[in-house]
1. According to the square roots a ≥ b ≥ c of the eigenvalues of the Cα gyration tensor, what is the shape class of segment A:831-877, taking rounded for a/c under 1.5, prolate for a/b larger than b/c otherwise, and oblate for the remainder?
2. Which whole number gives the average count of other chain Cβ atoms within 10 Å of the Cβ atoms across peptide B:341-354?
3. Taking each residue of A:303-314 in turn, how many C-beta atoms of other protein chains fall within 10 Å of its C-beta, and what is the average?
4. Can you tell me the FRET efficiency between residue A:106 and residue B:223 if r is taken as the Cβ-Cβ distance and R0 is 60 Å, rounded to the nearest 0.05?
5. For the pair residue A:685 and residue B:137, what calculated FRET efficiency results from E = 1/(1 + (r/R0)^6), where r is the Cβ-Cβ distance and R0 = 22 Å, to the nearest 0.05?
6. Taking the beta-carbon count within 10 Å as an exposure proxy, list A:541, B:249 from fewest neighbours to most.
7. I'd like the distance between the alpha-carbon centres of segment A:760-830 and segment A:505-580, rounded to an integer number of Å.
8. Using Cα atoms only, what is the angle between the long axis of helix B:36-53 and the major principal axis of chain B, expressed in degrees (0 to 90) to the nearest 10?
């Protein structure tokens, strides 16, 4: 049997080197001699920069060298013979070093043979270990350049002065590139190895250019403007310059022009060659376009974020992807994503027709491109691709046969990748199941917002459709949302309830009396259809508690015991008899006591979610999250929940008391006025290591901080758990008691860099104050609450404090983004091995056991797990 | 059969478990004292649980670690705050501190040492050690009066200050004499210094070269005088004593670990600096590795961020695995990668390519970036699993 091996070619390694002038000529298809591109009729000129042998860019034409069409022909190099050699700027430093460390007459490395041998051996050693030889080569250069008399020919060495970017002098006379080249040609091979260079692939004289390769036209395509005018690429412009000067140089040289003119032209040629290679060399002005814009030459094409390496090779633009605004849909599972029909009929998946699916595919083709589960293209066995249209769809469906490829629309159940930038961790790209929906936005369950860090204020997200079944399978197994609920960062759930889910659960599990209709209504969206025994019966009417209803979605066999978020950390915990119902006990899947809040089901905390995934698996976990969010939303709707400005109302008496606390803090016995007085009298005792002024500031800050806290507490007394904002703050859904206090009682001190606001005018912050006023008001203390409204000066200080936060965020994102890039770049090659070690892709061991215990941080195995096993085993037999 | 420590040890020690888990298991077994059959069951279940929680082979743990450290970076503050507990010493915190540690900076912005004492119970003893660490200059001991008309400097030493710092008059005089190399006149607690005479430049013709004390020399002497370290370590301008639970601990502004360890009364087993580079020099690379871990963990914890220590261990191990603390970035790990393409894709693209050409380097295409660039599957994760087909002959 003859085996069809379809092993794709693999690049095993890439050898870098310099190209010799001879090689340039050999690989060139033509010598370029004319600076003109097209003749008057618009045809490319032979031996010009657009010579047809260099490749094709115009569709329809064929390459004169390889007969390929545009797109098939990779392009071919040409060459320019430089009249005089020029230095390659990239090697300017190396040329300097070589000039200084080789003899000016015999070109040998100015070191004793023994030293050379030693260096050569050390270089071999370092290379073998895969370490850099930079510092060693550095040492060779610095040592050799100190030698004054050549140990071989006895020649006295002269000092070589290097003038940036491409000039070299020996005492007063300039070393011309041709002289340098002559010297380098004579350096023996064995000396070259001591410089860390490879004489086979990189002779030093090749660093001086005598032949300039001309890149193919495919590298520098010209664009035709609407006016019919051709606009040439920057590289072509630069090449034109080089050829022009080269020609002029040639003419002058042949005419026997004076040395001065020759030198000028040589310098100009050098300038053009330099800027052709790199247009951002310091020391010379960058070559500019007619409009004044600096040209983008070879180096500029490679460098930076949008350069070839980072912009085109490491990351690319892709097909089969889409992007639109996102919006929430609590009816979707966390594993799903709602895809608009318009997107679903644009994105396709290619299927091969086989007997098993031919009927199904025929139906897709028959439906055509406009009826949603249809198809857009078919590819016939001969490789011909046909676009399906309303006209040919019936006919194509009839002729469809095995072996054809059908590009069918995205349909429900397809696996796609969903992503939101910035992609800071692996949970920023997860696999979802498609659910085609009307509308124009991507829909997702709000419980998956935390890993994407998404909200719905206009965020957009991306979708990618994988094109092979292998890729889809891999995505489904490794990248599905439910497989990523536990974050490897801290080993807890990153998906869970947010905002109303938490408030809803909080309210529901505190509900004591729910009748049958309501109970069934609350459970409607979940898979639960049966109610347990009622909690109590009043007048023959059965009632259930919220805790019972929540228990219905817990898997049987779940046991937990912990303090909820609302725990007040009493000195003595009363456990099950907690006054605030903050002690959660779940036995065999039944919530016996305690309130369910952020700590139980919230994203990042979610003890219950965590436990279910660890004990019952990811599928059960996903199901729980789905049920929980649905239950919570029904729960909050049953209870009713709103928040408005009158929720911050506090009694007159409290307002008066808050005013008094403010007054006390400023003018009272322990108030800041007293402190300022002491300071001015020079009686303020300064803290160790602080000046009087700093001490005063610190103490004022402390007093005013206390004032804010007291006013907040006072307001808090009048806002009970039945207040919506308090319910949200206490359960951990959104906001904090501090936010609430700022709304109801007092906003407090505004600060810049952790200090009171000091900047502004001379000796004062605003012209409304006296100079050197240390008072609270003059330095940004806001007595008012958000509800009562701020005075103009308070408002201004508030804006000052707020601005700092904005600047901080802007600076932070760029800094942490760079940190992240560096971290990933440094660690990306590490991989856990079968033997538990961590090695990089070369095989260097970094850790002998991953994290010292070999445990996956997303799964975790520690004291609690062992305790549980022991408890299970010993308890079971009793 | 009775359960003893030995019998448990016998059972547990040959198990293929990491030491930490083994210890927990032994402790639990000892406490619960199960029977033989139960013991077997527990051990089987623990082994099973451990195996199931193990890291999957081919997992790209490096990227996971990098993301786990980098992602919370967006939530950190930029500000420098006070040290928890010691209000007097400022310490860089938050994102700038994290960047500083990962950069392996030679000079961190706020070096601090935590000095533990051999006998930390007595406050007086702590104060004594503190004085021998904190830099004492002449300005701390008395008043300096520069007498311009007489071209001399008078120092009025403060006797209580000397006593407090456990210094005697001869100590001070000796220090000053050896360092400044000028004669010192002593009158009680007053020292008089005069700079050396130099030949005057403006000598009138015919006169002998007159020896004078120039004003410049006087000013110079004054400057040098203030620099002389009479007691303590030069790089430590301040020491703060703090009571931690039952003992006194010293916090220093500035570090000089090597010198501090030699000060009498300092406990060298616990004293640390917050500068991993310095720890590397004094204690070696293993200690530096732990220092990096501790510093990053402390920085993250202070910000209230929860990151598993494994990720930080991996980053730290990567930084220190070559025997020196290397930066995460261009001048360290990323700049020394074996692959040319990977280096070129990171930073300073052109230089790496040019150097590679010049040296005739070879890219073996083993890493991630290189293979992405040439368009091949990477050797990581599912890309590292191979099927070997043996065709039946």
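1. Prolate is the answer for segment A:831-877, as a/c is 1.5 or above and a/b outweighs b/c.
2. Mean partner shielding for this stretch: 6.
3. The shielding value for this peptide is 4.
4. 0.60
5. Plugging the Cβ-Cβ distance into 1/(1 + (r/R0)^6) gives 0.30.
6. Lowest to highest Cβ neighbour count: A:541, B:249.
7. After rounding, the separation between the Cα centres reads 45 Å.
8. For B:36-53 against chain B, the angle is about 70 degrees.
All of the numbers you see were taken from the coordinates with simple rules; none came from a lab. Here the structure is a predicted model, which means the values were calculated and not measured. All Cβ positions, even for glycine, are placed from backbone atoms using ideal geometry, and neighbour counts span all protein chains on display.
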